[in-house]
Amino acid sequence: MLITDLIQSHPYWAIALGAGTILASEVIWGAIKYPLRLIGKLRPPRVHEVVFFNELVENCYSLHYNNIRSDSEGSMEPDSQCANPYCTIKGIGKMVKQIDQAVYAVDIAIYTFTSMALCEALKRALHRGVSIRIISDREMVFSSGSQINLCADLGVPVRGPTTTFLMHHKFLVIDGVERVQEIQRLKQRKWMQNTRSVLISGSVNWTRMGFGGNWENCIITDDKVLAGAFQAEFNRMWKAFKSLRE
Ligand SMILES: [Zn+2]
């Protein structure tokens with residue numbers, strides 16, 4: 001019996017069929033819509049800003065004093081009440097916040113890196129399974145207080161040039177598209193979480209001087225074009241340089 005004959009002989013079938021079709025389509029749309037909403041909700045807000053470090057960074061030092069251990073800036077907690085727009089703790093906190101949101105990859109090209117707060121953020125990323133790579137200057141990697149050595153001890157590969165020219169970059173790319181795709185290929189994953197690329201770049205070295213007194217700038221942006229360009233240059237350098245730990 002054809003379905004049309006069935007409907008003609010039993011009109012209530014038509015009603016049931018119509019209602020069933022509407023219900024099924026609602027269920028299917030709901031199944032698609034819900035994870036999309038979820039991803040939308042989980043996706044961090046856009047970032048596109050510049051952080052300045054200058055002679056005013058420690059004007060709020062006394063406000064944070066109780067939270068500061070004398071040994072480093074690594075133990076400082078951001079204080080939401082701080083009104084200093086140049087607060088060094090808030091500035092570093094903005095960088096840490098982005099690293100804390102990394103899902104798959106953090107690629108770093110940095111001349112000097114002694115900041116414990118940033119190193120702690122990288123350790124947390126490693127614990128989440130984020131793949132971290134560092135390019136640095138061979139003289140600076142082994143300098144006093146370098147957090148790069150510590151990262152290397154935790155399994156982070158470190159490469160750099162072997163010439164006398166300086167590897168003078170100070171940038172970081174989080175979840176760069178090219179790198180995420182590479183990780184997907186290497187790990188043979190069929191599905192990868194929807195991520196956002198973030199670029200952090202500027203004049204500032206990740207040191208106490210850089211964050212706590214020098215006149216420096218640091219741009220934090222999720223601009224796809226810039227993040228892609230920096231990721232491509234990082235990948236090019238990564239292939240050209242050798243491990244600094246051998
Ligand atoms: Zn402050």
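List of remarks:
- Between Arg185 and Gln101, full extension at 0.36 nm per residue minus the direct alpha carbon distance yields a gain of 28.0 nm.
- Separation between Cα centres of region 125-196 and region 200-246, rounded to whole Å: 11
- For Asp175, Asp137, Asp100, the sequence from fewest to most other C-beta atoms within 10 Å is Asp100, Asp137, Asp175.
- Antiparallel DSSP beta bridges within region 45-243, percent to nearest 5: 70
- Sites Ala232 and Glu58, calculated FRET efficiency, Cβ-Cβ separation with R0 51 Å, nearest 0.05: 0.85
- Label-to-label distance, nm, for residues given as His127 and Ser243 (7 Å Cα→Cβ offset): 2.6
- Charge context of Leu199, other residues only, Cβ under 9 angstrom, K/R +1, D/E -1: -2
- Greater than 21 Å apart at Cα, pairs in Lys187/Lys242; Lys97/Lys187; Lys94/Lys123; Lys90/Lys170; Lys170/Lys242; Lys123/Lys170: Lys187/Lys242; Lys97/Lys187
Read-outs: derived from the displayed coordinates by stated rules, not from any lab. Because the structure is a prediction, the values reported are computed rather than measured. Ideal geometry is used to build each Cβ from the backbone, glycine not excepted, and the neighbour counts take in all protein chains shown.
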